1. Quickly rank 96-103, 160-167 as a protection proxy: mean count of other C-beta atoms within 10 Å, highest first.
2. List the residues whose amide H sits under 5 Å from the amide H of Val76, counting only those 5 or more places along or on another chain, with H placed 1.01 Å from N in the peptide plane.
3. Please work out the Kirkwood hydrodynamic radius for the chain, using every pair of different C-alpha atoms, and report it in angstroms with one decimal place.
4. Residues with beta-carbon under 9 Å from that of His22, excluding His22: net charge, scoring Lys, Arg +1 and Asp, Glu -1?
5. Looking at the range 15-208, send over the antiparallel percent of its DSSP beta bridges, to the nearest 5.
6. Normalised by the residues of the chain, what does the relative contact order come to in percent, with Cα pairs under 8 Å and at least six apart?
7. Return the whole-Å distance between the Cα centroid of the range 55-83 and the Cα centroid of the range 129-173.
Amino acid sequence: MLPLHLAIPQGGPLAVLAIGAHPDDIEIGAGATLLGMAESQPALRAHYVVVTGSPDRQLEARHAASEFLPGANLTVELHDLPEGRLPARWGQVKDLLEDVASSYAPDIIIAPQPGDAHQDHRTIAEILPTVFRDHLSLGYEIPKRDGDFGRPAMYFPMSADMVRRKVELLHKCFPSQHSRDWWDEEVFRGLPRLRGMECGANYAEAFSCAKSLVRSSQPHCG
């Protein structure tokens, strides 16, 4: 396993684009990774896009974005397409993502993974590479009854304190979800512990990555 490091691009801070089909998707799938980026990357730029959500859920999403990316130069874009119906709104999702691409140039994208069994997540994942063709795109995992976990390609190790902070913020930012039977600390700790074991860490968040480009830091000879 080869460790890689996020480098600050020349001429500006690291720019992250986080996309979720629903409020809480981003935070469940990549909350600790975002907390770690905000802590380690000075002047981090971040753009949050959530595709569905009622007004109450949108308030939760806006609150969560600021809590999971403290100190970042943050913009939040919230939409209200119908939950559970994104395959039928394919054209609208495509237009929405193209509008994002025309106004924001990310260095890294965090979004749903292509193998996700939920139709809304999967629709975004399928459209994303048709819009952002030359970007590092990481697909996060969301626990669900479908049992759709695959074999991740990239891991972001995290400390026990980071996991604790992630769980605390999930409970704090999304009170509307507390009654769901899968919304509990054991679920939110269990998957990171498993992924941590796989990469030799205590905890980790894991991501799919269909394609990445490795550049040598040394000049080419010839």
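1. Per-residue mean Cβ counts within 10 Å order the peptides as 160-167, 96-103.
2. Here Tyr48 satisfy the definition.
3. 17.8 Å
4. -3
5. Expressed as a percentage, antiparallel bridges in the range 15-208 total about 25.
6. Computed over the chain, the figure is 22 percent.
7. So the separation of the two Cα centres works out to 17 Å.
Readers should treat all values here as calculations from the given coordinates under stated rules, not as data from a laboratory. Quick caveat: nothing in here was measured; it's all calculated off a predicted structure. Using ideal geometry, Cβ is built from the backbone for each residue, glycine included, and neighbour counts are taken over all protein chains shown.
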